[in-house]
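Asks: Provided herewith is a single structure, encoded as structure tokens, for subsequent inquiry.
Just so it is clear, none of the values below were taken in a lab; they were calculated from the coordinates. All of these numbers come straight from a predicted model, not from anything done at the bench. Cβ coordinates were reconstructed from backbone atoms using ideal geometry, including for glycine residues, and neighbour counts include every protein chain displayed.
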Amino acid sequence: MIPTPESEDVLFECIRDFDPGLVCFTSVYSVFHFLAGLAERVKKRHPASVSPWAALMPPCAPRSASPRLSTSCAWARASIPRWNWRTGLESGKSPEGIANLWIKQGDRVERNGARPFLEDLAALPFPDREMWLPWVVNPSSRPSFLAGRGCPFQCTYCCNHALRKVADGKYVRLRSPANIAEEILEMKRVLYLMEDAYLEVETLGVDREWPWNSAPISRRSTISSRYPSGTAPT
């Protein structure tokens with residue numbers, strides 16, 4: 001969600017029409033406090049809904065973020081813990097003991113540890129991009145596909161050096177070309193006019209063989225794949 005004067009009205013209209021049982025927010029540091037306040041208002045107006053967080057700030061400074069959280073905050077990536085949370089709610093269980101989550105119940109905060117970084121990125125399902133199409137101005141205009149996770153660099157303006165310390169395991173990971181091609185093909189079935197795919201990754205030079213091994217992506221998907229233009233060393 002991009003903070004604008006209309007953001008809150010749009011959100012509450014969607015909640016009214018869709019009637020979700022779970023409301024999730026993803027935040028970077030610059031909009032954390034705006035979305036934290038919005039989550040509090042969602043909880044107040046819809047007390048039956050649950051508002052967990054998948055945010056960038058809590059992994060780096062969870063103790064400073066947790067007082068503003070409605071229900072929970074997630075350490076690092078929240079894909080699997082969010083799934084654990086949802087399946088628990090569906091089975092009527094109170095979410096607890098979920099790695100990567102700090103769960104807030106009233107004034108009590110359950111601080112669970114971090115699970116290791118997921119090394120096999122192919123184990124994750126592809127994002128449901130079709131649900132976002134009504135919100136995209138030109139969805140056929142070179143959609144972005146995440147080709148990896150983690151960054152090897154130590155830039156002073158970034159938090160990667162801190163994020164790599166919140167969990168054990170390999171931090172810099174690249175998806176296999178076959179897995180990326182499969183996701184592109186799935187998207188192509190929805191956006192049949194799509195001609196370009198933008199492979200987004202911070203680690204293009206980490207594995208020198210990987211860019212060449214990814215050449216079959218274009219052949220398999222019958223579209224051109226392009227890398228970000230900012231590939232200069234940082």
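Asks: For Phe25, which sequence-distant residues (separation of 5 or more, or a different chain) have an amide H within less than 5 Å of its own amide H, given hydrogens modelled in the peptide plane?
Replies: Placed amide hydrogens put Ala54 under 5 Å from Phe25.
Asks: In whole Hz, with x marking every Gly and Pro, tabulate ³J(HN,Hα) for region 161-168 from phi via Karplus 6.51 cos²θ - 1.76 cosθ + 1.60, θ = phi - 60°.
Replies: Karplus values, whole Hz, x for Gly and Pro: 5, 7, 4, 5, 9, 7, 8, 8.
Asks: Per residue of region 86-99, what does 6.51 cos²θ - 1.76 cosθ + 1.60 with θ = phi - 60° give for ³J(HN,Hα)? Whole Hz please, x for Gly and Pro, Karplus curve as stated.
Replies: Working through the residues one at a time gives 5, 5, x, 4, 5, 8, x, 9, 7, x, 7, x, 9, 4 Hz.
Asks: Treat each spin label as a single point 7 Å out from the Cα along the C-beta direction, and report the Ser7 to Tyr198 distance in nm.
Replies: Output for this residue pair reads 2.1 nm.
Asks: Would you mind counting up the charge near Gly150? Only other residues with Cβ under 9 Å from its Cβ, with Lys and Arg at +1 and Asp and Glu at -1. List each step's numbers first, then the result.
Replies: On the way: positive: Arg149, Arg164, Lys170, Arg173; negative: Glu202.
That works out to +3.
Asks: List, in the order given, every pair from Lys93/Lys188; Lys44/Lys104; Lys44/Lys93; Lys93/Lys170 whose Cα-Cα distance in the structure shown is over 27 Å. Write out the running numbers ahead of the final one.
Replies: Details: Lys93/Lys188 38 Å; Lys44/Lys104 15 Å; Lys44/Lys93 22 Å; Lys93/Lys170 32 Å.
In this structure, Lys93/Lys188; Lys93/Lys170 exceed 27 Å between Cα atoms.
Asks: At R0 = 25 Å, how high is the FRET efficiency between Arg86 and Trp132 if r is their beta carbon distance? Nearest 0.05 is fine. Before the final figure, lay out the partial values.
Replies: Working: r = 19 Å, r/R0 = 0.75.
The calculated FRET efficiency here is 0.85.
Asks: Find how much the distance from Glu119 to Leu146 grows on full extension, using 0.36 nm per residue of separation minus their present alpha carbon separation; answer in nm with one decimal.
Replies: Roughly 8.3 nm would be gained on extension.
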